[in-house]
1. Can you name the residue in the range 82-115 that is touching a residue at least 40 places away in the same chain (Cβ under 8 Å) and among the hydroxyl-bearing types (Ser, Thr, Tyr) and, of all such residues, is surrounded by the fewest Cβ atoms within 10 Å (Cβ to Cβ)?
2. Cβ-Cβ distance below 6 Å, separation of 6 or more or different chains: which pairs start in the range 62-81 with a residue that is farther than 11 Å from Leu22 by Cβ and end on one that is among the hydroxyl-bearing types (Ser, Thr, Tyr) and assigned to a helix (DSSP H, G or I)?
3. Count, please, the residues in the range 67-88 that happen to be more than 11 Å from the chain's Cα centre (by Cα) and in a helix (DSSP H, G or I).
4. Could you tell me which numbered condition Trp29 fails, if it satisfies all but one of (1) free of Cβ contacts under 8 Å to residues at least 24 places away in the same chain; (2) of a type in the set (Phe, Trp, Tyr); (3) more than 16 Å from Cys109 (Cβ to Cβ)?
5. Count, please, the residues in the range 1-16 that happen to be more than 14 Å from Asn61 (Cα to Cα), part of a helix (DSSP H, G or I) and free of Cβ contacts under 8 Å to residues at least 24 places away in the same chain.
6. In the range 34-64, which residues are assigned to a helix (DSSP H, G or I) and either touching an Asp or Glu at 6+ places or on another chain (Cβ under 8 Å) or surrounded by 13 or more Cβ atoms within 10 Å (Cβ to Cβ) (or both)?
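Computed from the coordinates by the stated procedures, all read-outs in this text should not be read as laboratory data. The shown structure was predicted, so the numbers you read here are calculated from the model rather than taken from an experiment. Cβ sites come from the backbone with ideal geometry, for glycine too, and all protein chains shown count toward neighbours.
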Amino acid sequence: MMNFEAKKQRLQTIALGSYFALLIHLLLWIIWLAPSHYFPTAMVLMVMVVPLALPLRGLLNGRPYTYAWSGFLALLYFVHGIGDFFINPPERIYSGIEILLSLTFFFSCAFYARLGASPRIENPLRKN
């Protein structure tokens with residue numbers, strides 16, 4: 001059985017791995033694999049990649065609060081992947097990868113934030 005710190009370290013590794021994989025996947029998808037024919041590449045990069053770069057410092061430092069809100073940020077990429085999966089059939093493989101990576105990032109962030117949160121103090125006056 002794994003101890004608390006080992007679980008926390010494993011979740012952080014999974015979260016960071018899926019975070020960087022999602023970041024690299026989006027960069028490759030936007031710049032090289034299937035650039036947009038309707039919008040400038042720089043604008044698509046700003047809309048898709050810049051929000052993902054915001055929690056980088058907190059993720060690297062292992063702050064549970066950053067993991068909590070960046071997990072919700074991952075849901076935006078999940079929604080984008082689902083929409084693009086149904087709208088754009090030639091790029092379904094890229095959308096599927098985005099869906100998988102964003103869900104992995106979301107769940108690992110949620111579990112890490114749960115483990116990393118400080119324990120609550122029990123209220124002796126509260127009835128069960």
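1. Per the stated criteria, the residue is Thr104.
2. These pairs meet every condition: Tyr67/Tyr112.
3. So the first thing to find is which residues in the range 67-88 are more than 11 Å from the chain's Cα centre (by Cα), and the list is 79-88.
Cutting the leftovers down to in a helix (DSSP H, G or I) gives us 79-87.
Here the count works out to 9.
4. Trp29 satisfies all of (1) free of Cβ contacts under 8 Å to residues at least 24 places away in the same chain; (2) of a type in the set (Phe, Trp, Tyr); (3) more than 16 Å from Cys109 (Cβ to Cβ) except (1).
5. 3
6. Across the range 34-64, the qualifying residues are Val44, Leu45, Met48, Pro51, Leu52, Leu56, Gly58, Leu59, Pro64.
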